[in-house]
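We did not get these values from a lab; they are worked out from the coordinates using the rules stated. In this text, all values refer to a predicted model and were calculated from it rather than measured experimentally. Here the Cβ positions follow ideal geometry from the backbone for every residue, glycine too, while neighbour counts run over all protein chains shown.
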Amino acid sequence: MTTPLPPDPASSYPTAAELSSEIRSGRLTAVAAAQASAERIAALDGTVRAFLHTDAERSAAWAADADRRIAEGSQSDLAGIPVAIKDNLCIEGEPCTCASRMLENFRPPYTATAVRRLLDAGAVPIGRTNLDEFAMGSSTENSVAGPTRNPWDPVRAPGGSSGGSAAAVAAGMAPIALGSDTGGSIRQPAAFCGVVGLKPTYGRVSRYGLVAFASSLDQIGPFARTVRGAATVLQTIAGHDPLDSTSLSDPVPDYLTDLDEPLAGLRVGVVADHFDVGLDKEVADAVQGAIETYRSLGAEVVNVTLPHSKYSVATYYLIAPSEASSNLARYDGVHYGHRAKKFGSLEELYERSRGEGFGNEVKRRIMLGTYALSSGYYDAFYLKAMKVRRLIQQDYDAAFEQCDVIASPVTPTTAFAIGELADDPLAMYLSDVYTISANLAGIPALSLPCGFSKGLPIGLQLLGPALSEPKLLRAARMYEFTTDWHTRVPPLQDQTGVTP
Amino acid sequence: MAEPAANPQITREDVARVARLSRLAVKPGELKAFTNQLRAILGYVNLLDEVDTADVEPMAHAIEVRDVLREDVPTPMLPREAALANAPATDGEFFLVPQILGGSDTPSGK
């Protein structure tokens with residue numbers, strides 16, 4: 001772990017809270033903030049490639065609307081704040097490609113509830129971010145548009161699948177972003193890019209308008225430069241939605257008022273197996289360092305066990321592809337999406353449209369899921385995985401009897417090089433080992449910066465029981481308050497060679 | 001309860017069958033790579049065989065899903081025009097597909 005550097009305000013770009021205070025004090029307009037984001041995207045995105053599309057005119061219109069509402073006295077923390085949106089979340093009339101040829105011309109007829117709530121709060125979408133096709137991947141390389149680059153080192157992957165959203169926030173193109181997390185797709189890119197990423201409790205945020213991958217695991221969540229930024233977005237997007245019957249009706253607590261209050265008597269659980277073979281020493285040291293920080297802040301560090309966690313990757317890669325094979329059956333070349341030019345029968349129309357429209361990773365997962373659900377294999381694969389899933393959840397229930405949060409690594413390594421794991425899907429899947437079980441158990445988890453190794457960020461994961469977001473965010477803030485990792489910015493240069 | 005042992009190695013023919021079940025056109029040249037990759041993944045997931053899951057209830061969802069009831073009140077639906085707007089082929093009223101029964105007045109690709 002490298003030594004903390006003093007924060008350098010001149011090189012750090014504004015957080016959502018700083019931007020909000022500028023805007024609400026009248027020193028900055030929403031239109032100007034959106035313009036500044038657009039200029040930064042123009043200067044840097046030739047290198048980073050975080051965005052698939054932007055629509056300056058529509059962003060300006062949303063910003064003008066935000067300025068009007070601020071003039072009318074809007075008190076929203078997000079009024080005028082630029083937000084980057086992962087390209088698997090629908091906005092009426094805007095492209096929503098899922099980084100797939102299948103949806104290259106799709107314009108959804110409705111807006112996702114999470115995006116609708118951000119718009120209602122005055123946030124200004126400034127572009128659609130790159131992802132692994134249909135959110136299937138851990139590197140943002142499986143994109144029809146090509147990979148996004150890690151702002152800390154452009155030869156490295158930003159993580160995935162929400163790599164574009166993480167990179168956009170890390171590069172200062174937007175202070176906040178939305179992503180989706182099915183097996184780590186918010187937390188892993190947050191760790192690789194050195195930003196905060198939160199996967200809320202399953203059902204806390206409506207999935208309406210999120211293009212479905214694995215419906216029992218998918219959850220929308222925020223990226224931000226700080227814990228407060230992530231909490232502010234969650235406050236806005238959380239809550240029951242009649243349009244998603246799996247969204248929870250539990251009232252949404254206040255995530256912000258007590259956020260800066262340290263938790264007295266916090267019990268931090270540590271799982272010895274997490275620090276076993278396969279974990280890079282620099283990552284282990286940084287995470288152990290963070291655990292020591294908690295101890296020094298008065299937290300009790302408790303050893304807990306998750307005996308079935310070593311089965312989580314295998315369980316996930318049966319359940320998620322099974323659900324995907326069913327969800328993606330809707331792409332038939334008939335209702336919307338790609339249709340092959342040449343076909344004879346209806347059968348051929350389906351096979352060719354899907355064969356041409358989907359990339360290899362999506363095909364692999366559809367086939368894997370179809371196989372796991374097929375006659376003769378259902379019991380051995382899918383049913384077995386659903387049973388192990390129960391055991392994984394029970395492990396967490398037992399662990400959270402003894403602790404309030406579990407601290408762990410997010411990833412076994414810092415950001416890997418683009419292309420490094422591209423030909424070995426299994427190795428790529430195994431890189432999700434620390435994040436996947438939270439989705440299987442439905443519990444909230446976040447990643448926040450806890451160090452650097454050779455110039456690349458390292459993430460600390462905190463997990464808590466279902467609906468424990470208030471405590472989880474406060475625990476994260478306690479650590480963040482003592483460090484300056486989140487104030488560091490990547491050494492990016494724009495096309496003209498000038499460091500912004 | 002006793003559970004059947006998972007697969008022997010998945011073969012190229014199995015993958016071709018699964019591609020057909022999935023309605024995915026896969027080129028013969030791609031079958032080999034998919035077979036090797038699926039074989040590696042399925043070999044790995046066989047790890048689950050060592051877990052004793054006797055008497056464990058399968059868990060299909062992260063939260064216990066209950067029936068959700070609401071008043072049956074009519075609300076506006078997606079207008080036909082919007083529902084058809086993204087379709088590759090329509091006649092303005094219906095989605096168009098190639099002929100599946102006898103007759104000759106349905107469209108097909110060349």
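Temperature 4 °C, viscosity 1.567 mPa s: under these conditions the Stokes-Einstein estimate for region B:7-98, based on its Kirkwood radius over C-alpha pairs, is 68 µm² per second. B:GLY92: net charge of surrounding residues, Cβ under 15 Å, Lys/Arg +1, Asp/Glu -1, itself excluded? Counting the neighbours of B:GLY92, the net charge comes to -2.
Using a Förster radius of 30 Å, what is the FRET efficiency between A:ASP258 and A:ARG27 based on their Cβ-Cβ separation? Nearest 0.05, please. List each step's numbers first, then the result.
On the way: r = 28 Å, r/R0 = 0.94.
Plugging the Cβ-Cβ distance into 1/(1 + (r/R0)^6) gives 0.60.
Other protein chain C-beta atoms within 10 Å of residue C-beta, averaged over A:361-371: 6.
Inter-chain neighbour count for A:342-354: the average number of beta-carbon atoms from partner chains within 10 Å of each residue's beta-carbon is 5. For peptide A:201-211, the mean count of partner chain Cβ atoms within 10 Å of a residue's Cβ comes to 1. In this structure, the amide hydrogen of A:THR129, modeled 1.01 Å from its nitrogen in the peptide plane, lies closer than 5 angstrom to those of A:LEU52, A:ILE85, A:LYS86, A:ASP87, counting only residues at least 5 positions away or on a different chain.
Grab the other residues whose beta carbon is less than 15 angstrom from that of A:ALA417, score K and R as +1, D and E as -1, and report the net. Present the calculation step by step, with values, prior to reporting the outcome.
Numbers: positive: A:ARG149, A:ARG156, A:LYS454; negative: A:GLU141, A:ASP153, A:ASP280, A:GLU420, A:ASP423, A:ASP424.
Computed value for this residue: -3.
Remark: A:THR148, B:THR90, B:THR75 ranked as B:THR75, B:THR90, A:THR148, counting other beta-carbon atoms within 10 Å and listing the fewest first. Only Cα pairs under 8 Å and at least 6 apart count here; give the relative contact order of chain A as a rounded whole percent. It rounds to 19 percent for chain A.
Take every DSSP beta bridge whose two residues both sit in chain A; close to 65 percent of them are antiparallel.
Could you tally the net charge around A:TYR336, taking each other residue with its Cβ under 12 Å from the Cβ of A:TYR336, Lys/Arg +1 and Asp/Glu -1? Present the calculation step by step, with values, prior to reporting the outcome.
Values: positive: A:ARG107, A:ARG330, A:ARG339; negative: A:GLU104, A:ASP332.
Charge balance in the 12 Å sphere: +1.
Among the listed pairs A:LYS199/B:LYS32; A:LYS86/A:LYS454; A:LYS310/B:LYS27; A:LYS86/A:LYS387; A:LYS363/A:LYS384; A:LYS86/A:LYS341, those with a Cα-Cα distance over 26 Å are A:LYS199/B:LYS32; A:LYS86/A:LYS454; A:LYS310/B:LYS27; A:LYS86/A:LYS387; A:LYS86/A:LYS341. Fewest-first ordering of B:ILE10, B:ILE63 by other beta carbons within 10 Å of each residue's beta carbon gives B:ILE63, B:ILE10. Put the Cα centre of region B:20-39 next to the Cα centre of region A:373-426 and the gap is 25 Å.
Taking other Cβ within 10 Å of each residue's Cβ, how do A:LYS384, A:LYS363 sort, fewest first?
Listing A:LYS384, A:LYS363 from fewest to most nearby Cβ atoms yields A:LYS363, A:LYS384.
For the peptides A:480-490, A:119-129, residues were scored by their other Cβ atoms within 10 Å and the scores averaged per peptide; the highest-first order is A:119-129, A:480-490. Reducing region A:165-238 and region A:293-339 to their Cα centroids gives an inter-centroid distance of 14 Å. Residues whose amide H comes within less than 5 Å of that of A:HIS240, counting only those at least five positions distant or on another chain, are absent (H built at 1.01 Å from N in the peptide plane). Annotation: peptides A:372-383, A:165-176, A:37-48, ranked by per-residue average of other Cβ atoms within 10 Å with the highest first, follow the order A:165-176, A:37-48, A:372-383. Distance from the alpha carbon centroid of region A:266-283 to that of region A:100-124 works out to 38 angstrom.
Hydrophobic long helices, here whole DSSP H runs in chain A with Kyte-Doolittle means of at least -0.5 and Cα atoms spread over 18 Å or more along the helix axis, are found at A:30-48, A:281-296, A:312-327, A:360-373.
Global size of the protein assembly as shown: 23.7, 80 Å for Rg and Dmax (C-alpha atoms, Rg to one decimal, Dmax whole). Placing pseudo-labels 7 Å out from each Cα toward the beta carbon at A:ASP423 and B:ALA85 gives an inter-label distance of 4.5 nm.
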